[in-house]
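Participant: One structure follows; several queries about it will come next.
Any read-out appearing in this document is the output of simple, stated calculations on the displayed coordinates, not a laboratory observation. Keep in mind that this is a model prediction, so the values were computed, not measured. Reconstructed Cβ throughout: ideal geometry from the backbone, glycine too, with neighbour counts over all protein chains shown.
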Amino acid sequence: MSLLVAVLGAGLCLLAFLWLVQLSTAAPVLVLAGGDLQLVAGKGRDSANGVTVFAASPNRIVTVQAAVRPFSADQYDQLSWKIQGLQHGQELRLIWSTAASPKQVQDRLLAAEERSSSQIDLKADPDWCGKIVAIGLVIVGELKGPLEVERLELSRDSAQDVRDLFKRIENDWSRDPGWTSRSINFASTGTPFTGFSPVVLVALWSGFASLVFFGLNPSWRRRTSLAPYLMIWLAGWALLDLRWQGMLWDRLAHAQTLYADKTQPERWMSSRDRAFYPFVESIRGCLPDDPARILMLSSEADAYGPSRLKYHLLPHNVWLGETPDPSARLAEGDYLLILRPAVSSQKDLRGAISRLLSGQLNARRVCADPRFGDLFAIERRS
């Protein structure tokens, strides 16, 4: 019974811990009042409470803008305000601008229920996105008395935070990066969510469960076996292994869809190398059956494409680099593969080739692709 209570209690402790972490990293409520508010259109003056407006502009518009530092729209999804003197026949609009389009003003007419509650929910607004650089209110209509805009307040819905927390836990637990060369328990610091990988989450749960069980069965009351603690940590390991087995099953099904009942060239055409694999086939058609020496030059020698091209040209002896060794010289029967954009012009290309050849040798272009590069066969001058 104590073990079951420890397991369930650890789950609650883990959720509480993640919730506290999320609260500590959440943006604080942003209150814009007093000197933060500025009258842009209309006649009035600054007051202790905000902005007092006596008359609208000639086109019957009053615009009050808040001075804000740029912030992400994801940080806030609720906006409330306090305006004294707003009349029923006047329109109230929310305006804002984003860093992506600072000169384009987003405009939203506030509905009657939003006006009565003095609050608006921005979650469903597709234009509320990106980095917000300006925000304000517009009142449209004739003023029959003074209007006082006291404050704007941006906050985040706490219920939405709870839903986001569970959604992020689910996404993080089910997220599969696909086939990689990394360990199954690799923990990436760039992982979204709260910075905790599934391995860390399970470790925290196991630790909380052990603490709760120890609290229910302290060693000074009676002698406690280590078996329950071992069971807790083995359960966590089994949970991670089940997750890993599920991912392997999904990857296997995906691999079968892509590669089953296909020849090796067809499999390459279904892989990440499909963009340049026709170029590989063209090069192979120009190379002899016996392994040849190939000097491959690329301005991005450490990138994925050149490295994979070198792999596909095995068993040929391929040397890959950005610039050739100054002492390197090509011999008859060798090949020179220059990948784009290793050189910027035909003149540079001829210069790079001439530096690698002696006077008795010539480089004959045997394969060319305007997207990827050129292959030259090194021959003796006739």
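Participant: Can you return the lysines within cross-link range of Lys43? Criterion is Cα-Cα under 21 Å, with same-chain partners fewer than 8 residues away left out.
Facilitator: Of all the lysines, those that pass the test against Lys43 - Cα under 21 Å, at least 8 places apart if same chain - are Lys82, Lys144.
Participant: Mind checking the dipole of region 27-155: about its Cα centre, +1 per Lys or Arg Cβ, -1 per Asp or Glu Cβ, Debye to the nearest 20?
Facilitator: 380 debye
Participant: Could you line up Leu143, Leu337 from fewest to most neighbouring Cβ atoms inside 10 Å?
Facilitator: Ordered from fewest to most neighbouring Cβ atoms within 10 Å, Leu143, Leu337 come out as Leu143, Leu337.
Participant: If we count other beta carbons within 10 Å of each Cβ, what is the order of Ser101, Ser2, fewest first?
Facilitator: Listing Ser101, Ser2 from fewest to most nearby Cβ atoms yields Ser101, Ser2.
Participant: Between Trp237 and Ala260, what's the calculated FRET efficiency when r is the beta-carbon distance and R0 is 25 Å? Round to 0.05.
Facilitator: 0.15
Participant: Assuming R0 = 35 Å, what is the FRET efficiency of Leu211 and Met247, from their Cβ-Cβ distance, to the nearest 0.05?
Facilitator: Result of the calculation: an efficiency of 0.75.
Participant: Give the cross-link partners of Lys310 among the aspartates and glutamates, using a straight C-alpha distance below 14 Å as the criterion and excluding same-chain residues fewer than 8 apart.
Facilitator: Within reach: Asp273, Glu281, Glu300, Asp302, Glu322.
Participant: Could you point to the residue in Leu122, Pro58, Gln38 farthest towards the positive end of region 27-155's charge dipole, with +1 and -1 charges on the Cβ of Lys/Arg and Asp/Glu respectively?
Facilitator: Pro58
Participant: When His88, His312, His254 are ordered from fewest to most other Cβ atoms inside 10 Å of their Cβ, what list results?
Facilitator: Least crowded to most crowded, the residues run His88, His254, His312.
Participant: Under a straight-distance cross-link criterion of Cα-Cα below 17 Å, which lysines are reachable from Lys123, leaving out those fewer than 8 residues away in the same chain?
Facilitator: Here the lysines satisfying the reach criterion relative to Lys123 are Lys131, Lys167.
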